[in-house]
Each structure stands twice: as structure tokens, then as C-alpha cells.
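I have placed the structure first, in the form of C-alpha cells, so that the comments after it can refer back to it.
Here, each number is a calculation from the coordinates, and none is a lab measurement. Predicted model only: the values in this text are computed from it and were never measured. With ideal geometry, Cβ positions are generated from the backbone for all residues, glycine too; neighbour counts draw on all protein chains shown.
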Protein chains: 2
Amino acid sequence: MGTREQIVDAANRLFYQQGFEATSFAAIAEAVGISRGNFYYHFKTKDEILQAVIEARLASTRQMLAEWAGDSADPLVRVRRFIEIVITNRGDIERYGCPVGTLTNELAKLDHPARAHAVGVFELFRAWLCEQFEELGADTQADDLAMHVLAFSQGVATLSNAFHDSDFVSREAYRINTWLTERLPSHTAADGAR
Amino acid sequence: MGTREQIVDAANRLFYQQGFEATSFAAIAEAVGISRGNFYYHFKTKDEILQAVIEARLASTRQMLAEWAGDSADPLVRVRRFIEIVITNRGDIERYGCPVGTLTNELAKLDHPARAHAVGVFELFRAWLCEQFEELGADTQADDLAMHVLAFSQGVATLSNAFHDSDFVSREAYRINTWLTERLPSHTAADGAR
DNA sequence: GTCTATATCGGGATAGAC
DNA sequence: GTCTATCCCGATATAGAC
């Protein structure tokens, strides 16, 4: 892996764990194992590296969503796959929150020009979920349902981060899986919440 | 209003709008109209003023919840009063997010000792909502329902902040009000979602 | 209680040698 | 491409006059 990629990788992680503003160039350089001076050969400003981090997140999200689409032919299973994230990543979420929601909010408070770019990750999830609901036959309200599932993930992430309560996460995941089943009665009970 | 109170008031607002770390002493001093030097007569460190801000938020939250409790004898109406916040404060939420969720997450990322103190505001809402659900007869799962309503508020706040979509907020508020009615069928349809 | 002046530190950013 | 050395600025924090 080239130095530039290592920098983006370390910055990605540190921006998530410490926040964008709280992460210094020195911390990133140290994490990669290069000098601060070398840093500036790859990135001129802090905004440049933020942009690179956001692009990396957009790319990895696109890839993940494409993989999920390939994992199952059933859109309902795919939506459940999304819901699963809050369980799979509960450790990181308890410590740092959702990487998407926390970054977009920080950039909103900073009135940072890259805010809209960061919201793009949300837009990928939203559009992907919307497609799943459209395939499930919820044509007019597909986007509404997509936003509801997204809201679930953000509510769970914020409270899980505040209260450090894994059981709460499980209960909410179970609840929305049930909601999903009731909402789409065209599917059999075998697809129900687990 | 004394100088100290003015400082806490300005810091409270700026911490919300810009974030804790991004807010400098100079900005607070300027907002109040005093010099930076005078500032240190009232607060020795930034952590001291953070503590004062959190205490102010705890106090104002307690007062607000007490007022809500006095507004109606029906616990269901009181819960709906909580849900209304996301509508009433939608302008600020779109710009800055939820003051409670965004601060607790920022302090989590900073690994700041005051994090637990800030979570106290969430605990006030949680306990208050829990009481309402207990009065509604949901004894064993009252806290679960309280957390679900809290999660609603955080999910809506984060996405409203990202997408700047007021209609989404209204739809989600309507949705959880409906959920509330269906969840507690002991009440008449006249209490239903509006 | 409030001010000006100043110390000290860490951050982003640059210059230039290797 | 990577390094050391350095500049500049803004931030926290202190000292001391009024």
C-alpha cells in the first residue's frame, strides 16, 4: 500500500475515532510512521485530506452495497443485512458513534464546505434502501421507508454511544425487523425478525 | 443577569452551534462583550465552563420536564409533548443537530471526563419518559419504550441535520405518534396521532 | 471585576537539504 | 519521496495594573 493510501487510511480511522478537527496532522503522520514534512508532499491542506477520506468512504460504501446486493436475490434480506450493521459494528458504535452521522454533524457545526460531500454517504445508503423497497413493491413510499430505516440506525447509534447498552441495540434491531415484516405482508413468516 | 451567567449562556449556545472544541474563549468573551482576561476571573479552565454549561442544561431540562408534567394529567399527552420537540426545534436541529446527542458524541470522541455528566441530560429524558409509560401501565417494558422514543428523536435529528428535510421530520413524528396509539390501545382514538 | 499585556504551547503550513 | 528546520498564527492560560 502506497504512502498516500496509508495516510488516507489512518486519517479515515482517526477522523472517526477522534473527530475531524481534533485530529492533528502530527497524529496522522505518527500513525503512518512518516514525518510531518513528508505529509505535505501528499496533501497540501487539511481540507484536501478530508476530501480524500470522504471519497474513500464513498467508494467503500458503494462496494459494500454492491456486495450486499449480490449476497441475496431477496430485497427484504438485503434490508435486514443493512439493519445488521448496528449489531456487527456495535463495539465501534458504542465508542465513537456512527461514522457517517457524526462526521456530517461535525462538518455542519463547523460550517465546512465539505459537509454536502460527506452527506453523499448517507445518500448512497438512502438510494440503496429505496431501491430495495421499490423491488418490494412499495413504489410511492419507498423513499419514506428508506429514511425510516436510516433514522433507526442513527437513533440506535447515538443512544448506544451515550448509554453503552448492547441489549438496547438488539431490542431495537428486533423491533424494526418485526416492523419490516408487518409492513410487507407479502412475505412469509419465515422471513420474519430473528 | 450577572457576568458569570452571561458567559454560561453564551458558551451554551456556542457549544451547540459550533461544537465544544471549536469554540474558543475569545469567541465566548466576544459574544458576552468582555475581554479574554476577565473571562479567567470567572472560569479557570475550559473544562470548568463545560461543566457549568452541562449543569445549566441539566437544570433547564429538569424545569422543562416539570412544566410538561404540569401541562397535562394524561401521560400520553406528555409523551406527545416530548415528540413535538423535533417539530418545534426543527430549525435549530436542521442546522446543528440535537444539543444532547451531538455533545455526548463529541465528548465521547474526545475521551473527555465530562462525557458521563453530559449523558445525564439523556438520563433525565429517559427517566421522565419511563415514568410516563409506567403510568400508562407498561410496567415491565416502560424503559424499553422510553428508549425507543429517545431513539426516534436522535434518528430524526441526525437525518434532519444531514438532509435539511422538514417533511421527513413531520412524517416520522406522525409515524411514532401512530405507533404510540397502537401500542397503547387503552386510550381512545381521539388521542391518536395528529 | 475588569482590563491590557504577555507567556506558552500546539496547530497548520512552508523551505530546502538529501 | 522523505527528511529537518522553521514560520506563523490562534488557542489556552497567567500576571499584574486599574
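For this structure, a couple of remarks:
- Stokes-Einstein D for segment B:54-150, Kirkwood Rh over Cα pairs, 20 °C, 1.002 mPa s (µm²/s): 150 µm²/s
- Note on segment B:88-194: the alpha carbon radius of gyration divided by the globular reference 2.2 N^0.38 Å gives 1.19.
- 10 Å Cβ neighbours from other chains, averaged over peptide B:162-171: 4
- Rg(Cα)/(2.2 N^0.38 Å) for segment A:1-44, N = residue count: 1.02
- Ascending list, in nanometres, of distances separating the A:Gly2 label from those of the other copies (7 Å, Cα toward Cβ): 6.1
- Label point 7 Å beyond Cα along the C-beta direction, distances from B:Asp167 to other copies (nm, shortest first): 4.1
- Within the protein assembly as shown, helix-based [θ] at 222 nm, where runs of 4 or more DSSP H residues each add -39,500 (n - 2.57), nearest 500: -25000 deg cm²/dmol
- For the axis carrying chain B to chain A: nearest C-beta residue of B, whole Å: B:Gly155, 2
- Measuring nothing but how far apart in sequence close Cα pairs (under 8 Å, 6+ apart) lie, relative to its length, chain B scores a relative contact order of 21 percent.
- Backbone phi angles across segment A:120-128, fed through the Karplus curve with coefficients 6.51, -1.76 and 1.60 (θ = phi - 60°), yield HN-Hα couplings of x, 5, 4, 5, 5, 4, 4, 5, 5 Hz in residue order; Gly and Pro are listed as x.
- For chain B, the Kirkwood estimate of the hydrodynamic radius, built from every pair of different alpha carbons, is 18.1 Å.
- Note, ³J(HN,Hα) from phi for segment A:5-20, Karplus 6.51, -1.76, 1.60, rounded to Hz, x at Gly and Pro: 5, 5, 5, 4, 5, 5, 5, 4, 5, 5, 4, 5, 6, 10, x, 5
- Note that segment B:11-110 carries a Kirkwood radius of 15.4 Å, evaluated over its alpha carbons pair by pair.
- Computed from backbone phi with θ = phi - 60° and the Karplus coefficients 6.51, -1.76 and 1.60, the 3J(HN,Hα) list for segment B:53-62 is 5, 4, 4, 5, 5, 4, 5, 5, 5, 4 Hz; x is used for glycine and proline.
- Take each residue in A:141-149, count the other chain C-beta atoms within 10 Å of its C-beta, and the mean is 3.
- Label spacing, shortest first and in nm, from A:Met64 to its equivalents in the remaining copies (7 angstrom along Cα→Cβ): 3.2
- For the protein assembly as shown, the spread of Cα positions along each principal axis, largest first, Å: 61, 57, 31
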